[in-house]
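*Asks:* Structure incoming, see below.
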Amino acid sequence: MADEMMIYIDGEYLKKSEAKISVFDHGVLYGDGVFEGIRAYNGRIFKCKEHIDRIFAAAKAIMLEIPLTKEELTEVVLETCRRNDIKDGYIRLVITRGTGDLGLSPTKCPKATVFCIAATITLYPQELYEKGMPVITATQRRNKATIVDPQIKSLNYLNNILAKIEANRAGAPEAIMLNHDGIVAECTGDNIFIIKDGVIYTPPIHVGILDGITRKAVIHLAKELGMTVVESEFTLFNVYNADECFLTGTAAEVIAVTSADGRVIGDGVPGPVTKKLLEAFHGYAQHEGRAIYEG
Ligand code: PXG
């Protein structure tokens with residue numbers, strides 16, 4: 001184990017204390033860049049290709065040229081884990097517009113900055129997984145796809161951070177974010193699902209959400225278990241009156257929501273479908289993914 005965490009920056013692996021980027025980096029000055037939060041389970045990068053593909057898609061959307069191929073970027077993720085002896089961990093891959101001048105034009109940034117951190121994760125407390133968690137609805141709406149598409153996992157997370165502040169102030173770990181029309185979109189760092197009369201519902205991408213990788217994995221697992229999953233629009237009424245509700249995300253995995261805006265959901269405890277999916281997800285995550293170490 002390295003004494004100090006080693007961080008990849010632009011072709012080098014540097015000690016945490018030496019890993020720095022410029023104050024002229026447009027990722028800092030303007031939030032101009034994209035990122036991924038990735039998990040390693042049991043010596044494997046979970047959904048490695050999906051995360052690499054998503055960051056390339058986000059970069060394409062903002063006309064940011066990643067100075068590495070997909071294979072090279074994958075190797076950066078793997079090697080950062082190796083250098084830190086990571087078997088189970090949380091990886092942050094960031095690509096910024098790079099160092100430029102004080103103007104906002106990206107043409108002054110000749111080369112993107114790429115960095116990768118492989119660390120351990122701080123999960124929600126175990127108690128929340130066992131008992132479920134409360135959420136509130138933020139007054140802050142999810143930004144519109146016609147302004148900055150939530151499919152772009154950009155370095156400008158202020159929209160979500162403002163909603164997270166509302167959750168924190170209300171004593172809830174997460175906040176539901178509605179889209180501009182009042183349709184349930186997602187949470188600040190998680191996608192949302194509800195279950196009613198045996199059918200699982202989750203908002204479709206077009207309402208303005210991140211195309212979550214855990215969301216997709218859970219839809220796949222639910223279908224494999226013979227469950228019906230429908231991507232359809234719904235409102236808070238449907239959340240309040242659902243039999244079950246849960247969130248999915250790289251950090252949270254699958255977590256039950258047992259109340260929303262003070263309304264108890266279902267029986268007020270994690271329901272059978274949520275529990276089954278969490279168990280299925282845990283099993284799946286142990287063997288899915290790109291091996292970090294040979295042999
Ligand atoms: N929606 C949003 C807005 C997100 O930021 C998800 C859904 C879930 O997507 P994945 O692909 O992870 O299943 C995210 C996840 C964190 C954290 O530490 C999570 C995210 C970003 C930053 C931090 O919980 N994004």
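*Asks:* Residues to consider are ALA2, ALA19; find the one that is under 29 Å from GLU253 (Cβ atoms) and modelled with pLDDT under 95.
*Replies:* Testing whether each residue is under 29 Å from GLU253 (Cβ atoms) and modelled with pLDDT under 95 leaves just ALA2.
*Asks:* Also: Has region 105-122 got any residue that is at pLDDT below 95 and more than 10 Å from the ligand (Cβ to nearest atom)?
*Replies:* Yes; the residues of region 105-122 include at least one that is at pLDDT below 95 and more than 10 Å from the ligand (Cβ to nearest atom).
*Asks:* Got a sec? Which helices (runs of 4 or more DSSP H) wholly within region 203-292 have at least 3 residues that are over 19 Å from MET177 (Cα atoms)?
*Replies:* Answer list for region 203-292: 213-224, 272-287.
*Asks:* Also, quick follow-up: Give region 3-45 a look and list any residue that's open to solvent by less than 50 Å² (accessible area, probe 1.4 Å), aliphatic (A, V, I, L, M) and more than 13 Å from ILE117 (Cβ to Cβ), or say none.
*Replies:* VAL34, ILE45 - these are the residues of region 3-45 that are open to solvent by less than 50 Å² (accessible area, probe 1.4 Å), aliphatic (A, V, I, L, M) and more than 13 Å from ILE117 (Cβ to Cβ).
*Asks:* Now, a different point. Which one is nearest to the ligand (Cβ to nearest atom), of the residues in region 207-220 that are open to solvent by 10 Å² or more (accessible area, probe 1.4 Å) and in contact with a helix residue (DSSP H, G or I) (Cβ under 7 Å, 6 or more places away or on another chain)?
*Replies:* ILE213
*Asks:* Something else now. Of (1) free of Cβ contacts under 8 Å to residues at least 40 places away in the same chain; (2) assigned to a loop (DSSP other than H, G, I, E, B); (3) not basic (Lys, Arg), LEU162 satisfies all except one. Which?
*Replies:* (2)
*Asks:* Mind checking which residues of region 173-206 are open to solvent by less than 10 Å² (accessible area, probe 1.4 Å) and hydrophobic (A, V, I, L, M, F, W, C)?
*Replies:* ALA175, ILE176, MET177, VAL184, ALA185, CYS187, ILE192, PHE193, ILE194, ILE195, ILE200
*Asks:* Right, here's the next one. Restricting to region 236-290, and then to whatever is on the phi > 0 side of the Ramachandran plot and acidic (Asp, Glu), can you tell me which residue is most open to solvent (accessible area, probe 1.4 Å)?
*Replies:* Looking at residues that are on the phi > 0 side of the Ramachandran plot and acidic (Asp, Glu), I get ASP261.
Each row is one residue, and each column tells you yes or no for (1) more than 12 Å from ILE292 (Cα to Cα); (2) without any contact (Cβ under 8 Å) to a residue 40 or more places away in the chain; (3) within 16 Å of the ligand (Cβ to nearest atom).
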{"site": "MET6", "(1), (2), (3)": "yes, no, no"}
{"site": "SER17", "(1), (2), (3)": "yes, yes, no"}
{"site": "PHE24", "(1), (2), (3)": "yes, no, no"}
{"site": "ASP32", "(1), (2), (3)": "yes, no, no"}
{"site": "TYR41", "(1), (2), (3)": "no, no, yes"}
{"site": "LYS49", "(1), (2), (3)": "yes, no, yes"}
{"site": "ALA61", "(1), (2), (3)": "yes, no, yes"}
{"site": "VAL76", "(1), (2), (3)": "no, no, no"}
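*Asks:* Which condition number does PRO150 fail, the rest of (1) assigned by TED's automatic domain parsing to the domain that holds TYR30; (2) in contact with a Lys or Arg (Cβ under 9 Å, 6 or more places away or on another chain) being met?
*Replies:* Only one criterion is unmet by PRO150, namely (1).
*Asks:* Does any residue of region 135-155 turn out to be open to solvent by 30 Å² or more (accessible area, probe 1.4 Å), closer than 18 Å to GLU4 by Cα and either without any contact (Cβ under 8 Å) to a residue 12 or more places away in the chain or in contact with a Gly (Cβ under 7 Å, 6 or more places away or on another chain) (or both)?
*Replies:* no
*Asks:* Do you know which residues across region 234-261 are within 13 Å of the ligand (Cβ to nearest atom) and β-branched (Val, Ile, Thr)? Steps first, please.
*Replies:* If we filter region 234-261 for residues that are within 13 Å of the ligand (Cβ to nearest atom), which is where we start, we get 246-255.
Those that are within 13 Å of the ligand (Cβ to nearest atom) and β-branched (Val, Ile, Thr): THR248, THR250, VAL254, ILE255.
The values are calculated or read from the model by the stated rules, or taken from the named source; none is laboratory data. In this text the structure is predicted, and so the values were computed from the model without any measurement. We place every Cβ from the backbone using ideal geometry, glycine too, and count neighbours over all the protein chains shown. Note: accessible area is taken over every heavy atom of the protein model, side chains too, but ligands, DNA and RNA are not part of it. Shrake-Rupley method; radii C 1.70, N 1.55, O 1.52, S 1.80 Å.
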